[in-house]
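Novice: If you scroll down you'll find the structure; I have some questions about it.
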Amino acid sequence: MNTAFFLLSMTVVAVISDTMLIPFYPQFFAQRFGMESPEHVGAYLAAMSATVILALPVWARVARKLAVIKLLVITQIAAGLLCLYCMHIESLAMFWLVSLCMIAFKGSYLLIYPFMMRMQKPERHVFMASLLSIVIHFGGIFGAIIGGVVLDRWSVEDVFLFMAAGDAIQTLICIYLLGSGKVAQKTGEVHVIGHGASSRGRRPLYLLGIAMMLFYFSAYLVRPFFAEHWQLASGIDNTTVSGLAFAIPAGMALLALWSNHAASRSHFLLNRPVPCLILGVLGLLLQAWPQPVAVVLGRCLFGWAMFQVTVHLDVLLFQRSRPDDYAKDYSLINLFQNLGVIGSSFTAGSLVASQGLSAPFLLAAIGFVLSVMSYPLLCHVSFKKAVTA
């Protein structure tokens, strides 16, 4: 088995660990601390994103002095220990402090992405971006399912035991890679293939970051309260089923990956970014309709759009960067992505409190419409090329 397999496995485990509670934070805070405020859930999710924003550039800078895999051994051990501590915290304020420290250490796994892309030929970037997107989507499937099962059958504290187990698995993989000599143990030892884009200043990256911020703001508006929305629309009060409904986009991502491979010959229109954003608008509007069939259909369209647009934007990032700058530029783009997520977290909580569970879907649809209109300008692509890219 090659290095990429182990790095992808680490990413799967990390995503599963990170997404176990994402659909269920409203229930978690209500059961664990008696806190039922939607605004509180939104504020906590925003704080999680802010923590990643602050931590990732630090890890990227440390990675210039310490090999990425060695760094991950340290950070994942720390994250696992903090997970175990979270199981025993009874104070809400202390939970915020310790869990956000845990998120800061967990976030270091994001360095795997630029680390892997740096080892690939430029012509393989689309494939790797697609594969990593699939990994993230399916990690979301298992994370949501495991989180739902744990909340159904065990206590809420047990979620953190599963999360700590994920950190332990990542640590063991890193130790194996270091011991086997499959990865560089010093900075500067990674074999870089290709030269990437020439330096053209930071403006294209900032414009791409703005496009990603708008897209991520819109897409993540619907995440925090989807489980509650589904339970209300379907009448099924079961967190495992809610987790499966939440994870529908992951199944669509696999279908989209197959379509992209087949479309290398046929250039299928619905694989392209602008048509996919339009499909995303329709999917969000369908999800706002409190009927289970409409929600499922909307979830399918939304999942297709999310995969295609995310892969396209990620490839644009690496086209506008150079291999030596991948980690630094990825941390910059991640800043914009998480600013979008922060904004969506605060907005979702306020919208649900004042307008109800369907409101985030409607605002997200408006955001996707704005993404369609601004994409050619922000990404420096003509509208014709945007449709055919």
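Rule-based calculations on the coordinates, nothing more; no lab input. Quick caveat, the model's predicted, so the values are computed rather than measured. No Cβ is skipped: glycine too gets one built from the backbone with ideal geometry, and neighbour counts run over all protein chains shown.
Novice: Could you run through region 269-302 and say how many residues are of a type in the set (Phe, Trp, Tyr) and within 18 Å of Phe217 (Cα to Cα)?
Specialist: Residues meeting the conditions: 1.
Novice: Being more than 21 Å from the chain's Cα centre (by Cα) and part of a helix (DSSP H, G or I): is that true of Gln76 here?
Specialist: So Gln76 does not fit the description; no.
Novice: Just checking, does region 80-91 include any residue being over 27 Å from Leu332 (Cα atoms) and β-branched (Val, Ile, Thr)?
Specialist: Looking through region 80-91, at least one residue is over 27 Å from Leu332 (Cα atoms) and β-branched (Val, Ile, Thr).
Novice: What is the number of the single condition among (1) free of Cβ contacts under 8 Å to residues at least 40 places away in the same chain; (2) under 14 Å from Leu207 (Cβ atoms) that Gln319 does not meet?
Specialist: Of (1) free of Cβ contacts under 8 Å to residues at least 40 places away in the same chain; (2) under 14 Å from Leu207 (Cβ atoms), only one is false for Gln319: (1).
Novice: Restricted to region 273-330, and to residues that are out of contact with any Cys (no Cβ under 7 Å at 6 or more places or on another chain) and aromatic (Phe, Trp, Tyr), which residue is farthest from Gly367 (Cα to Cα)?
Specialist: So the residue we want is Tyr326.
Novice: Also, I was wondering about something else. Of everything in region 214-255, what is farther than 19 Å from Ala144 by Cβ and either touching a Lys or Arg at 6+ places or on another chain (Cβ under 7 Å) or of a type in the set (A, V, I, L, M) (or both)? Give them in sequence order.
Specialist: Matches in region 214-255: Leu214 only.
Novice: Looking at Val293, Val281, Val311, which is the one that is surrounded by fewer than 19 Cβ atoms within 10 Å (Cβ to Cβ), farther than 28 Å from Tyr44 by Cβ and either without any contact (Cβ under 8 Å) to a residue 60 or more places away in the chain or not polar (S, T, N, Q) (or both)?
Specialist: Working: Val281 fails: surrounded by fewer than 19 Cβ atoms within 10 Å (Cβ to Cβ); Val311 fails: surrounded by fewer than 19 Cβ atoms within 10 Å (Cβ to Cβ).
Only one candidate passes the filter, namely Val293.
Novice: Val159: more than 17 Å from the chain's Cα centre (by Cα), crowded, with 19+ Cβ neighbours inside 10 Å and in a helix (DSSP H, G or I), yes or no?
Specialist: Answer is yes for this residue.
Novice: Residue pairs, Cβ under 6 Å, 6 or more apart or interchain, first in region 229-251 and within 14 Å of Val293 (Cα to Cα), second part of a helix (DSSP H, G or I) and of a type in the set (D, E, K, R). List them.
Specialist: Listed by first residue and then by second, the contacts come to Ile248/Arg299.
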